[in-house]
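Presented below is the structure to which this report refers.
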């Protein structure tokens with residue numbers, strides 16, 4: 001089994017937990033990137049601990065908390081009672097000032113001893129699903145993972161696993177980590193990257209481009225505060241620009257979340273526009289629209305990351321797992337093209353024995 005703990009019982013956690021039971025009870029594997037990662041299947045993922053700060057979730061069974069407000073992700077599968085109760089987390093900078101009327105912070109419960117809970121629950125992997133902009137809170141939980149000798153997956157754009165100092169900390173502790181800022185299964189960033197690679201591989205020149213994202217979940221609401229959006233914009237922009245072998249004028253690029261529209265719920269809509277020159281120095285323009293349920297899109301690849309990190313644990317690896325981070329995240333320690341990253345992951349899996 002792979003024992004998993006979750007920080008932040010929001011929409012992404014909801015889709016992840018639902019996803020386990022969808023694929024556990026349904027014979028088809030439609031939508032899974034990989035049904036097997038080494039010897040591990042979806043059934044081997046076991047949720048054993050969770051942390052949140054909203055009193056509508058704290059103290060409740062995880063199977064109930066994932067459907068509690070303000071979560072608004074699509075419900076696509078029921079979840080049995082798990083006998084895993086959500087612990088009170090540490091607030092720190094995890095709540096933006098303008099989110100006070102959305103997040104009902106539990107001010108009565110004492111924050112949990114995170115490291116102790118991780119040890120007692122025999123956690124293998126801790127996933128960080130905190131809101132964008134939770135820099136101090138993310139660092140706090142990373143330290144707790146180190147104390148408990150638990151692998152750390154950083155799904156958000158706070159630069160921890162991609163930071164050389166943190167990489168050294170995890171490596172010296174013999175604890176694996178992967179991150180930062182998870183790529184969605186069919187997300188705006190990977191579509192933009194592959195489209196840009198296709199255009200340049202075909203001999204065309206990109207002169208300018210933009211990517212605008214809108215949505216109605218708590219993540220988009222949280223990012224209304226531009227001070228919390230800086231790391232997200234940087235992560236998405238650098239991920240796309242990493243596709244180019246030449247320097248690209250940053251002034252001609254605009255990439256990132258652009259608007260919170262409540263009635264969209266957990267649906268994310270992305271618009272990508274690319275302009276440039278083709279044969280004969282003649283102009284071309286590409287426009288693409290993606291509309292997709294945001295949180296399940298994230299859960300799809302997280303299933304792969306969890307199992308890959310467990311393989312790293314089995315192999316006794318510490319620090320940033322370079323292949324895994326490049327495959328699954330927008331801001332890895334080392335940027336590798338998507339195709340080559342998967343080839344390296346495949347070799348990583350084969351080398352288990």
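The values are calculated or read from the model by the stated rules, or taken from the named source; none is laboratory data. Bear in mind that the values here come from a model prediction, so they are computed numbers and not experimental data. Neighbour counts run over all protein chains shown; Cβ positions are idealised from the backbone, glycine included.
Checking the conditions here, which among 74, 17, 9 is touching a strand residue (DSSP E or B) at 6+ places or on another chain (Cβ under 8 Å), within 21 Å of residue 221 (Cβ to Cβ) and buried (at least 24 other Cβ atoms within 10 Å of the Cβ)? Walk me through it before giving the result.
Numbers: 74 fails: buried (at least 24 other Cβ atoms within 10 Å of the Cβ); 17 fails: within 21 Å of residue 221 (Cβ to Cβ).
After applying the criteria, what remains is 9.
Grab the helices (runs of 4 or more DSSP H) fully contained in segment 132-216, keeping just those with 3 or more residues being surrounded by 17 or more Cβ atoms within 10 Å (Cβ to Cβ) and not assigned by TED's automatic domain parsing to the domain that holds residue 118. Please lay out each step first, then the result.
Working: elements: 135-148, 164-173, 188-201.
Counting at least 3 such residues, we get 188-201.
Does residue 331 satisfy the criteria of being modelled with pLDDT under 95, surrounded by 22 or more Cβ atoms within 10 Å (Cβ to Cβ) and under 17 Å from the mean Cα position of the chain (by Cα)? I'd like the intermediate steps shown before the answer.
Numbers: modelled with pLDDT under 95: yes; surrounded by 22 or more Cβ atoms within 10 Å (Cβ to Cβ): yes; under 17 Å from the mean Cα position of the chain (by Cα): yes.
So residue 331 fits the description; yes.
For (1) assigned to a helix (DSSP H, G or I); (2) modelled with pLDDT of 95 or more, each residue gets a yes or a no:
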| site | (1), (2) |
| --- | --- |
| 4 | no, yes |
| 12 | yes, yes |
| 17 | yes, yes |
| 21 | yes, yes |
| 27 | no, no |
| 31 | no, no |
| 34 | no, no |
| 46 | no, yes |
| 51 | no, yes |
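Is it fair to say residue 155 is touching a residue at least 24 places away in the same chain (Cβ under 8 Å) and more than 15 Å from the chain's Cα centre (by Cα)? I'd like the intermediate steps shown before the answer.
On the way: touching a residue at least 24 places away in the same chain (Cβ under 8 Å): yes; more than 15 Å from the chain's Cα centre (by Cα): no.
Considered against the rule, which asks whether it is touching a residue at least 24 places away in the same chain (Cβ under 8 Å) and more than 15 Å from the chain's Cα centre (by Cα), residue 155 comes out as no.
Okay, residues lined up against (1) part of a helix (DSSP H, G or I); (2) under 21 Å from residue 191 (Cα atoms); (3) at pLDDT 95 or above; (4) assigned by TED's automatic domain parsing to the domain that holds residue 192:
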| site | (1), (2), (3), (4) |
| --- | --- |
| 256 | no, yes, no, yes |
| 280 | yes, no, yes, yes |
| 286 | no, yes, yes, yes |
| 302 | yes, yes, yes, no |
| 309 | yes, no, yes, no |
| 312 | yes, no, yes, no |
| 336 | no, yes, no, no |
| 340 | yes, yes, no, no |
